[in-house]
Amino acid sequence: MVKGALTVITFDEARFSIWVKASKGSISLAMSHAAIPPSPSRADYEAQLVRNSDDSIFDGADPMAVFADWLKEAVQSEPNDANAMTLATVDANGMPDARIVLLKDIDARGFTFYSNVESAKGQELAAHPQAALVFHWKSLRRQVRVRGVVEPVTAEEADAYFASRARESRIGAWASSQSRGLDSRATLEQRVAEETARFEGQDVPRPPHWSGWRVVPVAIEFWRDRKFRLHDRMRFVREGGVWVTERLYP
């Protein structure tokens with residue numbers, strides 16, 4: 001039991017403090033770190049979210065069309081990589097894993113991205129072909145969450161996208177043993193030099209260990225920041241080939 005009105009324990013190395021307050025036999029903990037910004041004030045909310053009140057941005061029976069409209073807005077407002085998304089998978093031990101990748105195509109079938117199939121993400125998707133995606137656009141104060149099953153793209157799709165990449169990026173796909181240990185940057189640069197020499201004067205084909213995946217969505221949620229954490233959330237769920245919508249509590 002903690003006695004006294006307030007006890008402060010400070011950890012200088014981590015630069016954070018734990019405030020422990022005893023009240024009627026219960027203990028409440030509040031943690032802060034110098035790098036974490038404070039919660040917005042009423043004035044902050046009024047200034048930052050004044051434009052986030054148009055519900056027409058959620059209109060539409062097809063979530064892929066709604067997503068495409070939101071992405072177009074993000075391309076105009078984000079400083080870079082509006083197509084960046086968090087890809088969440090699970091490893092052999094059931095431990096979640098996540099990283100940022102780039103969306104490279106969207107259509108009625110789903111969300112497509114490409115990478116090394118021998119990478120950590122590639123092995124996890126092979127063993128557990130389900131994934132979640134999150135798009136976060138700070139400039140719009142919106143995010144989109146996607147959950148779905150994962151299928152490989154066709155060889156023709158992978159070839160077409162790979163051919164569109166810069167030559168140096170294609171060479172890099174041959175040089176990098178993605179997700180495996182690397183003793184130094186110099187080793188990577190040496191391998192790039194070797195592959196550059198190997199393909200001198202010829203086209204750089206797609207490596208057999210490089211391809212793509214499509215997340216076929218079963219649920220898509222659109223989220224918009226609103227004042228005082230009373231956010232807008234609209235979820236589309238696929239039921240028997242039809243999208244059903246529902247609004248969620250924030």
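The values are calculated or read from the model by the stated rules, or taken from the named source; none is laboratory data. Treat the numbers as computed from the prediction; the structure is a model and nothing was measured. Glycine gets a Cβ as well: all are built from the backbone with ideal geometry, and neighbour counts include every protein chain shown. Side chains are part of the model used for accessible areas, which takes the heavy atoms of the whole protein and leaves out ligands, DNA and RNA. Shrake-Rupley method; radii C 1.70, N 1.55, O 1.52, S 1.80 Å.
If I go through segment 29-75 residue by residue, how many of them are at pLDDT 85 or above, among the β-branched types (Val, Ile, Thr) and open to solvent by 70 Å² or more (accessible area, probe 1.4 Å)?
Here the count works out to 1.
Tally the residues that are on the phi < 0 side of the Ramachandran plot, assigned to a loop (DSSP other than H, G, I, E, B) and without any contact (Cβ under 8 Å) to a residue 40 or more places away in the chain, restricting the search to segment 208-250.
The qualifying residues number 6.
Take segment 49-72 and flag every residue that is farther than 17 Å from ARG145 by Cα, among the charged types (D, E, K, R) and touching a residue at least 12 places away in the same chain (Cβ under 8 Å).
If the condition is that a residue be farther than 17 Å from ARG145 by Cα, among the charged types (D, E, K, R) and touching a residue at least 12 places away in the same chain (Cβ under 8 Å), then ASP55 is the only one that fits.
Out of all the residues in segment 177-193, which are surrounded by 13 or more Cβ atoms within 10 Å (Cβ to Cβ) and either modelled with pLDDT of 95 or more or aromatic (Phe, Trp, Tyr) (or both)?
LEU188, ARG191, VAL192
Can you name the residue in segment 140-159 that is part of a strand (DSSP E or B) and of a type outside the set (A, V, I, L, M, F, W, C) and is also farthest from ALA219 (Cα to Cα) among such residues?
PRO152
When the residues of segment 125-148 are filtered to those that are in contact (Cβ under 8 Å) with a residue 12 or more places away in the chain and open to solvent by 70 Å² or more (accessible area, probe 1.4 Å), which remaining residue is farthest from VAL101 (Cα to Cα)?
Selected residue: ARG141.
Taking TYR161 as the residue in question, decide whether it is within 23 Å of MET64 (Cα to Cα), of a type in the set (Ser, Thr, Tyr) and touching a Phe, Trp or Tyr at 6+ places or on another chain (Cβ under 8 Å).
The answer is yes for TYR161.
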